[in-house]
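The values are calculated or read from the model by the stated rules, or taken from the named source; none is laboratory data. In this text the structure is predicted, and so the values were computed from the model without any measurement. Note: ideal-geometry Cβ built from the backbone for every residue, glycine included; neighbour counts use all protein chains shown. Surface areas here come from the heavy atoms of the whole protein model, side chains and all, with no ligands, DNA or RNA. Shrake-Rupley method; radii C 1.70, N 1.55, O 1.52, S 1.80 Å.
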Amino acid sequence: MRATGRAIKPFPLVSLLAALALFVASASPRIAAQADHDPRAAFEAVLPRLNARASWGESYVLSEVTFDATWAFAIAEPIPASGFGGFTPHIAIPLIGIHEASGWLIVIPSPANAAEFNALLHNLPASLADEATRAYFEQPLQHVSHGPARVNNFTGHKLPWAKGLPAWAFSKDVTGHINQVDFDIQGLAAAGDVRASKPGTVVFVKESSNSGACGNFSTVWKQANMVVVQHGPSEYSWYVHLAYDSVPVNVGDVVSYGTKLGVEGDTGFACGKHVHFMVSSEPATWTNPADPNAAPWPKTTSLAPVDFIEVPWNGIQNGQTYISQNDDTPSPPPPCPAPELQTPAHGFIATNQLISFAWSAMNNCAHDGYVLRLKTVPDMTSGGTLIAEANTIAPSGALTIGTTWNYRDLYWSARANGAGAAWATARRLRIEPTITGTYTLYSGPNFAGDVFTASQTITDLQTTGLNDLARSLKLDPGVGVVVCSEVNLHGECGRATGPVQFGNLSDLAQGLAGGASSIRACGGACPPGPITPTLTAPITGQVVLSGTAVVLRWEGTEGATYRGELWGGVLTDTIAFGWITDTHWLIGNLPASEAPYTWRVRASNGFGDSAWAQESFVVVPSQAVYLPIAQR
């Protein structure tokens with residue numbers, strides 16, 4: 001064979017071969033180069049390795065070998081074991097050769113080197129393997145796994161033959177046939193009708209071939225007749241090896257459960273009449289259906305298992321028969337999956353109370369419009385507070401949200417309005433109205449002294465030079481503030497909404513004049529501070545045994561953080577904790593004491609602190625103390 005010209009895509013072949021080194025060292029021998037660089041001897045040398053791993057007693061022979069100056073491609077075809085009854089999983093194995101100075105390096109596919117083998121496969125010149133051949137031989141990245149675009153098995157399919165009839169399953173999930181299965185309808189190689197497994201639209205029909213064989217793979221595999229039906233944006237069912245001129249449907253036809261698509265046959269690479277069935281998440285490059293020697297094929301990585309209504313994928317066993325329930329009686333539609341949320345994006349900050357939402361439309365499932373929901377937590381089914389909800393016909397809607405929820409993390413999602421429909425993963429948003437005015441702090445009373453004017457939140461007034469110095473305040477229309485005695489909006493806080501002015505800042509909250517350390521700015525009125533926590537355990541009057549781990553517990557407000565203190569008993573110093581988001585704090589073991597222990601907790605929400613909540617409890621010895629008689 002004369003070496004052919006080639007145009008290789010830019011590809012780090014040296015790096016790829018290094019990555020393959022662990023896999024090819026034991027399974028891919030280097031054969032001394034012959035004068036004409038013919039790789040056949042190298043390919044022949046690996047056949048015993050294929051025979052050794054064969055699980056059905058078959059042996060392998062080489063089909064056509066093609067090569068150029070650098071690359072070689074061959075197909076190893078199995079020969080069924082003598083006396084084997086029934087169908088052998090007749091799966092051809094691709095082999096790739098790379099010419100090196102010392103000879104040909106032969107690479108055999110395996111689950112361990114699937115990604116590297118696919119990279120080599122797609123780097124082969126088109127003169128050695130065209131697009132359809134490369135797609136056919138692409139290796140699954142994980143055995144019996146779904147394609148990268150899938151998160152679940154395909155559902156809603158019925159077995160692809162007439163209701164009440166049996167068929168024998170074989171070649172399911174065998175090497176080179178992952179997420180694919182063959183069915184012999186009624187057994188004994190009878191020519192049974194092939195039926196649509198699920199409603200959809202026919203997108204490809206080929207019935208022009210009248211040829212097939214149980215060998216010579218590279219020549220005959222594209223002679224397979226087939227029908228492809230699209231069921232949704234990312235779902236295509238394939239029915240392969242159909243008999244010549246047996247297809248009653250055309251491209252564009254809408255089919256239902258049980259619609260006849262053709263008759264099972266042995267066109268293409270087949271060892272008897274059967275139908276090859278698979279479902280992909282992507283289409284293929286469609287070929288000319290009038291050409292009996294051309295056929296499309298999906299990428300192996302786009303194939304996924306199919307949970308039939310009669311039997312799930314993991315329940316199908318090779319060599320077993322299954323009875324179809326496939327007719328034109330509609331089955332209950334599957335629950336709608338989660339839609340894809342579109343707008344607003346995760347983390348969106350709105351500036352007004354009316355927010356519009358949009359998500360993807362749901363097809364091929366039963367529903368009566370959609371449900372749009374807004375909550376204080378991302379779980380749409382439990383917990384948190386339901387803020388607003390709307391039922392819509394279109395995959396969009398709008399909600400008007402009360403000002404109470406401004407400046408808080410909120411979560412929205414949508415689902416189809418149908419039984420079992422799934423919620424989309426929630427997205428976070430906040431409403432922060434635009435600040436249209438300014439506030440002005442003065443270092444002296446009655447608006448005298450140094451001046452600082454701004455419209456933003458400042459968590460430490462030390463940066464302005466007015467920490468613990470501000471004594472008066474003016475607010476313009478369009479701005480609200482929370483002024484606090486400690487940094488980060490803690491301590492004693494006061495709030496106001498412009499237009500208003502305070503000649504003495506302590507009129508806003510006691511002690512703020514000459515004691516303000518942080519200020520929060522809002523567009524309009526700022527939200528209120530948090531509710532005072534409710535302490536639940538241990539509470540006043542409760543007795544705790546020494547040696548028992550003490551856990552302080554309280555109930556609070558969604559989105560708040562907490563700070564607490566413990567003192568008394570035998571403690572010489574106050575124990576402080578926070579700020580934390582949990583509503584409990586593990587103190588551990590406390591010594592027994594006649595004096596009570598006292599604890600308190602306050603909450604913060606970024607707009608000030610709550611009042612302190614306080615309780616006391618007593619710790620007593622866990623063992624009784626017996627005094628001598630003389631001391632009684």
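Scan the range 1-10 and give yes if some residue there is under 30 Å from ALA169 (Cβ atoms) and either modelled with pLDDT of 50 or more or open to solvent by less than 60 Å² (accessible area, probe 1.4 Å) (or both), otherwise no. Taking every residue of the range 1-10 in turn, none turns out to be under 30 Å from ALA169 (Cβ atoms) and either modelled with pLDDT of 50 or more or open to solvent by less than 60 Å² (accessible area, probe 1.4 Å) (or both). Could you please let me know if GLU594 is at pLDDT 95 or above, more than 30 Å from THR404 (Cα to Cα) and over 39 Å from the mean Cα position of the chain (by Cα)? So GLU594 does not fit the description; no. Summed over the range 434-451, the residues that are open to solvent by less than 50 Å² (accessible area, probe 1.4 Å), of a type outside the set (Ser, Thr, Tyr) and assigned to a loop (DSSP other than H, G, I, E, B) give a count of 3.
Can you tell me which residue is modelled with the highest pLDDT among those in the range 139-155 that are open to solvent by less than 40 Å² (accessible area, probe 1.4 Å) and touching a Phe, Trp or Tyr at 6+ places or on another chain (Cβ under 9 Å)? Looking at residues that are open to solvent by less than 40 Å² (accessible area, probe 1.4 Å) and touching a Phe, Trp or Tyr at 6+ places or on another chain (Cβ under 9 Å), I get PHE154. Residue count for the range 452-474, restricted to those that are closer than 19 Å to GLN510 by Cα and in a strand (DSSP E or B): 3.
Residue pairs whose Cβ atoms lie under 9 Å apart, separated by 6 or more positions or on different chains, with the first residue in the range 569-587 and closer than 15 Å to ALA613 by Cβ and the second hydrophobic (A, V, I, L, M, F, W, C) and open to solvent by 80 Å² or more (accessible area, probe 1.4 Å), are PHE577/TRP585; GLY578/TRP585. Applying the set (1) under 22 Å from THR434 (Cβ atoms); (2) more than 47 Å from the chain's Cα centre (by Cα); (3) surrounded by 21 or more Cβ atoms within 10 Å (Cβ to Cβ) to VAL482 leaves exactly one unmet item: (2). Could you tell me whether ALA525 is open to solvent by 60 Å² or more (accessible area, probe 1.4 Å), within 28 Å of ARG430 (Cα to Cα), in contact with a strand residue (DSSP E or B) (Cβ under 6 Å, 6 or more places away or on another chain) and of a type in the set (A, V, I, L, M, F, W, C)? It is true that ALA525 is open to solvent by 60 Å² or more (accessible area, probe 1.4 Å), within 28 Å of ARG430 (Cα to Cα), in contact with a strand residue (DSSP E or B) (Cβ under 6 Å, 6 or more places away or on another chain) and of a type in the set (A, V, I, L, M, F, W, C). What's the number of the condition GLN501 fails, among (1) over 16 Å from ALA521 (Cα atoms); (2) surrounded by fewer than 19 Cβ atoms within 10 Å (Cβ to Cβ)? Condition not satisfied by GLN501: (1).
Of all residues in the range 279-307, those that are crowded, with 20+ Cβ neighbours inside 10 Å, part of a strand (DSSP E or B) and at pLDDT below 95 total 3.
Which of the residues belonging to the range 403-429 are basic (Lys, Arg) and within 23 Å of VAL481 (Cβ to Cβ)? Explain how you work it out, then say what you get.
The first filter runs over the range 403-429 and keeps only residues basic (Lys, Arg), leaving 408, 415, 427-428.
ARG408 - this is the single residue of the range 403-429 that is basic (Lys, Arg) and within 23 Å of VAL481 (Cβ to Cβ).
Just so you know, in the range 504-522 the residues that are modelled with pLDDT under 95 and surrounded by fewer than 20 Cβ atoms within 10 Å (Cβ to Cβ) include one that is farthest from ASP609 (Cα to Cα), and it is GLY514. Annotation note: of ALA101, ALA114, ALA54, ALA129, the sole residue that is hydrophobic (A, V, I, L, M, F, W, C), modelled with pLDDT under 85 and closer than 25 Å to VAL279 by Cβ is ALA114.
Just give me the residues in the range 407-433 being more than 16 Å from GLU558 (Cα to Cα), in contact with a Leu (Cβ under 9 Å, 6 or more places away or on another chain) and part of a loop (DSSP other than H, G, I, E, B), in sequence order. Passing the criteria: ALA424, THR425, ALA426. With respect to the conditions (1) farther than 30 Å from LEU466 by Cβ; (2) within 41 Å of the chain's Cα centre (by Cα); (3) open to solvent by less than 50 Å² (accessible area, probe 1.4 Å), GLU555 lacks only one, and its number is (3). Scanning the range 338-388 for residues that are open to solvent by less than 60 Å² (accessible area, probe 1.4 Å) and touching a Cys at 6+ places or on another chain (Cβ under 8 Å) gives MET362, CYS365, ALA366.
Scanning the range 565-578 for residues that are modelled with pLDDT of 95 or more and under 39 Å from the mean Cα position of the chain (by Cα) yields a total of 1.
Among the residues of the range 115-135, which ones are small (Gly, Ala, Ser) and in contact with a Ser or Thr (Cβ under 9 Å, 6 or more places away or on another chain)? Give the derivation first.
We begin by selecting, within the range 115-135, every residue small (Gly, Ala, Ser); these are 115, 119, 126-127, 129, 132, 135.
Scanning the range 115-135 gives SER127, ALA129, ALA132, ALA135.
The residue of the range 119-138 that is surrounded by the fewest Cβ atoms within 10 Å (Cβ to Cβ), among those that are within 15 Å of TRP71 (Cβ to Cβ), under 28 Å from the mean Cα position of the chain (by Cα) and in contact (Cβ under 8 Å) with a residue 24 or more places away in the chain, is ALA119. Counting only strands (runs of 3 or more DSSP E) that sit completely within the range 482-569, those holding 3 or more residues that are in contact with a His (Cβ under 8 Å, 6 or more places away or on another chain) correspond to 550-555. Every listed requirement among (1) under 16 Å from GLU340 (Cα atoms); (2) among the hydroxyl-bearing types (Ser, Thr, Tyr); (3) in contact with a Ser or Thr (Cβ under 9 Å, 6 or more places away or on another chain) is met by TYR439 save one, (1).
Tallying residues that are in contact with an Asp or Glu (Cβ under 7 Å, 6 or more places away or on another chain) and farther than 24 Å from ALA398 by Cβ within the range 408-438 yields 2.
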